[in-house]
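Engineer: Below is a structure I'd like to ask you about.
The values are calculated or read from the model by the stated rules, or taken from the named source; none is laboratory data. This one's a predicted model, so the numbers in the text were calculated from it and none came from an experiment. Note that each Cβ is placed from the backbone with ideal geometry, even for glycine, and that neighbours are counted across all protein chains shown.
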């Protein structure tokens, strides 16, 4: 609920009510594998962009059955990434939250990359350091250490990003949140992207330069196994992330 709160959106539903609404969507659609997207938006407030005092928000919960941004084969094969020239993320948007307007830069990053034959783009922050992908956080591995850009590089405070950091530490992998140059990706042993729909997708090349051996590396694979193990019961949920949906 941080993004709505940070921009002053009044949300009448509690977290528990929104969670139950998500469960209800899953139950009524008999979903066993799906991507859930709650959307909070300002409803009928007239023509202007400045809502009147006492305005309210509405909520829509969309479910995409079995959808994934990246095909399952890319979990091992990897994908190709590119830095669109002149594209920069800004650190001045509200809270780095998942506000709809913040996705304009994501659209530009992704569409420009695909126009040049790449599967995804990587954005830089206003200082020229690595920020994130069009819709995913970024990680790189060098000499067994896991690196990811900090929030000060305009990186989204992603839920999956946070889970990966916790899982990696649980596996005994050193994690460092620090500014990363684009050249560091060329020299990395492994690179992968993370997100709710992207999950954990390895990157096999950046700007046409092969990353490591050009496929999912050993550290990425360990983190993948721990992450997906949460859904199968092979990884203990020590953090209370999982939720039960009774049909």
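Engineer: Just checking, does the range 190-209 include any residue being on the phi > 0 side of the Ramachandran plot and more than 19 Å from the chain's Cα centre (by Cα)?
Structural biologist: yes
Engineer: Now for a separate question. Output the number of residues of the range 168-178 satisfying the condition of being buried (at least 16 other Cβ atoms within 10 Å of the Cβ) and over 23 Å from residue 213 (Cα atoms).
Structural biologist: Number satisfying all stated conditions: 1.
Engineer: Against the definition (more than 13 Å from residue 180 (Cα to Cα), at pLDDT below 85 and assigned to a helix (DSSP H, G or I)), how does residue 161 come out, yes or no?
Structural biologist: Judged against the criteria, residue 161 is not a match.
Engineer: Are any residues in the range 201-214 surrounded by fewer than 20 Cβ atoms within 10 Å (Cβ to Cβ), at pLDDT 90 or above and outside any strand (DSSP E or B), and if so, which ones?
Structural biologist: The answer is 213, 214.
Engineer: May I pose another question? Which of the residues spanning the range 1-10 are surrounded by 16 or more Cβ atoms within 10 Å (Cβ to Cβ) and either at pLDDT 95 or above or out of contact with any strand residue (DSSP E or B) (no Cβ under 6 Å at 6 or more places or on another chain) (or both)?
Structural biologist: 3
Engineer: Just the residues that are part of a loop (DSSP other than H, G, I, E, B) and touching a strand residue (DSSP E or B) at 6+ places or on another chain (Cβ under 9 Å), please, taken from the range 45-62.
Structural biologist: 51, 55, 56, listed by residue number.
Engineer: When you scan the range 23-44, how many residues do you find that are part of a helix (DSSP H, G or I) and either modelled with pLDDT under 80 or surrounded by 13 or more Cβ atoms within 10 Å (Cβ to Cβ) (or both)?
Structural biologist: The total comes to 3.
Engineer: Of all residues in the range 183-200 being surrounded by fewer than 21 Cβ atoms within 10 Å (Cβ to Cβ) and modelled with pLDDT under 90, which is nearest to residue 153 (Cα to Cα)?
Structural biologist: Result: 196.
Engineer: Still on this structure, I have one more. Residue by residue through the range 197-222, note down the ones that are under 30 Å from residue 31 (Cβ atoms) and in contact with a helix residue (DSSP H, G or I) (Cβ under 6 Å, 6 or more places away or on another chain). Step through it out loud before you land on a result.
Structural biologist: As a first pass, look at the range 197-222 and keep what is under 30 Å from residue 31 (Cβ atoms): 197-203, 216, 220-222.
Residues satisfying the conditions are 200, 201, 202, 216.
Engineer: From the set of residues in the range 94-147 that are in a loop (DSSP other than H, G, I, E, B) and within 17 Å of the chain's Cα centre (by Cα), which is modelled with the highest pLDDT?
Structural biologist: Filtering the range 94-147 down to residues in a loop (DSSP other than H, G, I, E, B) leaves 97-99, 116-119, 125-129, 134-136, 143-144.
Those still in the list that are within 17 Å of the chain's Cα centre (by Cα) too: 97-99, 119, 125, 134-136.
Working: 97: 53, 98: 54, 99: 57, 119: 80, 125: 86, 134: 82, 135: 83, 136: 89.
So, considering only residues that are in a loop (DSSP other than H, G, I, E, B) and within 17 Å of the chain's Cα centre (by Cα), the one modelled with the highest pLDDT is 136.
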